[in-house]
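Below you'll find the structure, written out as structure tokens, and then a few comments.
The values are calculated or read from the model by the stated rules, or taken from the named source; none is laboratory data. The model shown is predicted, which means the values in this text are computed figures rather than measured ones. Positions of Cβ are backbone-derived with ideal geometry, glycine not excepted, and every protein chain shown enters the neighbour counts. Ligands, DNA and RNA are excluded from the accessible area calculation, which covers all protein heavy atoms including side chains. Shrake-Rupley method; radii C 1.70, N 1.55, O 1.52, S 1.80 Å.
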Amino acid sequence: MIVRKSLFSLLLFTIVFYNNMEAEAQKRIKFPAAYVVNGGSNTISVIDLKTLKVRKTIQLPNTDCLPHHISLSSDRKKILVAMPEFDFTQSHNLLHQATDKKGGVIAIDAQTGKVLLNLSLPKPNFNAVFSNDNTEIWSAAATHSGQMHVFDANTGVQKAIFSLGADPTQIIFSKDGSHAFVALEESSFILALDTRLKQIKKYIKVDPFPTNVWAGNNGNIYVENKNLKAIAIVNESTMETYEFVDINFKPGQIAYNQLLNELWVCQAEDNKVTYFERKNNAWVLKSTIETGQDAYAITFAKDEKTAYVVNRKENTVSVIDVTKHQKMTDIPMGTLPNGIVLRE
């Protein structure tokens, strides 16, 4: 009788265990997905790229923060989100008045949505990114005496802190991972950083008051300048600015489409994305595509035939057929989405 009860208990435990395992497996994000960070609702919306529907919502901790921008590790296993206690849609002056506000970084398992690391920074940070070999996390404090913070990506232990200059914003890495680049908003420079030595390698001259840097997949870095309504283009290898593009709107995120040899630029605070074509060795305005209110961030699918545009004030993502230059649909998001990455 005791043996029979023991066998029954073991069988019941086995059934429950495997049912739980199956339930957990069902929750995993195994489909091609877009991850959109929502600054207002403190969540990440996970879009199924096949159905173009949100299939999962990841709730972020640190409810007093406003999640800002999102990045994916090169092995596609982890996601990073900056967690500043400041809304970067507010004015530059308000940022420097917010002396009591801190920053942070959340590392998340891309399949399960589980929080792996919850790191603190002494001041608000614009974004966070993995080094190309996925061993480090880099994030800069956006202050007048901005500092770069480097953490071990597995343990969260701080490995280095070094000074940058006034108001560093988005940080990106070179294709080979040997250098990182960041704009200093209160200067006329972007910085090239030596990722091995953890120090400034070069000051790269651009227009005054650059607001951001964006990586192309063609060996170029595109420098956004909302103040002067311009784009500077820097060669990643030579670390020299070789071209300036004057425009008639405030640029948001910039992305290069190699398939069509086009440069796509979000019109910040507007409901359009503008694309340029290469003619006579210069970028020439071609046309615009209607998106949603405040086109803020953009990324292309792996085959570069589809674009995804985050509309911050409309709380949507616009899906665009790149070859036809036509919007296909809008996908509802959480509140104030501000960044997107694809895991295809």
Review point. Taking springs between alpha-carbon atoms closer than 10 angstrom, which of 288, 241, 51 fluctuates most in the Gaussian network model of the chain?
Key: 51
Exercise for review: Any chance you could check the Cα centroid distance between region 43-103 and region 172-245 for me, in angstrom?
Suggested key: 23
Review point. Once the Cα atoms of helix 2-27 and of the chain are each reduced to a long axis, what angle between those two axes, in degrees from 0 to 90 to the nearest 10, is obtained?
Key: 20
Point to revise | Solvent-accessible area per residue, Å², over the chain with all protein chains present [probe radius 1.4 Å] | key: 46
Point to revise | Eligible lysines near residue 27 by straight Cα distance, threshold 26 Å, same-chain separation 8 or greater | key: 50, 53, 56, 77, 78, 114, 302
Revision key, fill the gap. Kirkwood Rh for region 43-112 from C-alpha pairs, in Å, is 13.8
Point to revise | Contact order relative to length of the chain, as percent, for alpha carbon pairs under 8 angstrom and 6 or more apart | key: 12
Review point. For region 44-193, what is one quarter of the convex hull surface built on the Cα atoms, given in nm²?
Key: 9.4
Check your understanding: Contour minus end-to-end for residue 279 and residue 59, with contour as 0.36 nm per residue of separation and end-to-end as the Cα-Cα distance?
Key -> 74.6 nm
Review point. Excluding residue 173 itself, what net charge comes from residues whose Cβ is under 11 Å from its Cβ, given Lys and Arg +1 and Asp and Glu -1?
Key: -3
Exercise for review: Output ³J(HN,Hα) for region 280-292: one whole-Hz value per residue in order, computed from phi by the Karplus curve 6.51 cos²θ - 1.76 cosθ + 1.60 with θ = phi - 60°, and x for Gly and Pro.
Suggested key: 6, 6, 8, 8, 10, 4, 9, 5, 10, 10, 5, 10, x
Exercise for review: Please compute the net charge surrounding residue 42, taking Lys and Arg as +1 and Asp and Glu as -1 over other residues with Cβ under 14 Å from its Cβ.
Suggested key: -3
Check your understanding: Straight-line reach from residue 250: which lysines have Cα under 22 Å away, leaving out those fewer than 8 places along the same chain?
Key -> 205, 226, 229, 272, 286, 313, 327
Practice item. Identify which of 37, 273, 322 has the largest mean-square fluctuation in a Gaussian network model of the chain, with springs joining Cα atoms closer than 10 Å. Key: 322
Review point. Between residue 50 and residue 246, 0.36 nm times their residue separation minus their Cα-Cα distance comes to what?
Key: 66.8 nm
Exercise for review: Would you mind getting me the FRET efficiency between residue 229 and residue 96? Use the beta-carbon distance for r and R0 = 25 Å, nearest 0.05.
Suggested key: 0.60
Point to revise | Gaussian network model of the chain, Cα within-10 Å springs - most flexible of 174, 139, 188 | key: 188
**Study point:** Debye intensity ratio in log₁₀ form over the Cα atoms of region 246-344, taken at each q of 0.18 Å⁻¹
**Key:** -0.75
Check your understanding: Computed over the Cα atoms of the chain, what is the convex hull's projected area averaged over all directions, in nm²?
Key -> 19.5
Revision key, fill the gap. Phi-derived 3J(HN,Hα) across region 185-195 with the Karplus relation (6.51, -1.76, 1.60, θ = phi - 60°), rounded Hz, x for Gly and Pro, is 5, 9, 7, 10, 9, 10, 9, 9, 10, 7, 6
Exercise for review: Order 35, 203, most accessible first, counting only protein heavy atoms with a 1.4 angstrom probe.
Suggested key: 203, 35
Exercise for review: Return the carbon/sulfur percentage of the accessible area of the chain, one whole number, probe 1.4 Å, all protein chains in place.
Suggested key: 51
Check your understanding: Give or take rounding to whole Å, what are the principal axis extents of the alpha carbon atoms in region 163-313, in descending order?
Key -> 43, 29, 29
**Study point:** Summed side-chain charge close to residue 259 - residues other than residue 259 whose Cβ falls under 10 Å, Lys, Arg +1, Asp, Glu -1
**Key:** -2
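How big is region 228-299 by the Kirkwood estimate over distinct Cα pairs, in Å?
It is 12.7 Å.
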Check your understanding: So what is the calculated 222 nm ellipticity per residue for the chain, using -39500 (n - 2.57) for each DSSP H run with n of 4 or more, over all residues, to the nearest 500 deg cm²/dmol?
Key -> -3000 deg cm²/dmol
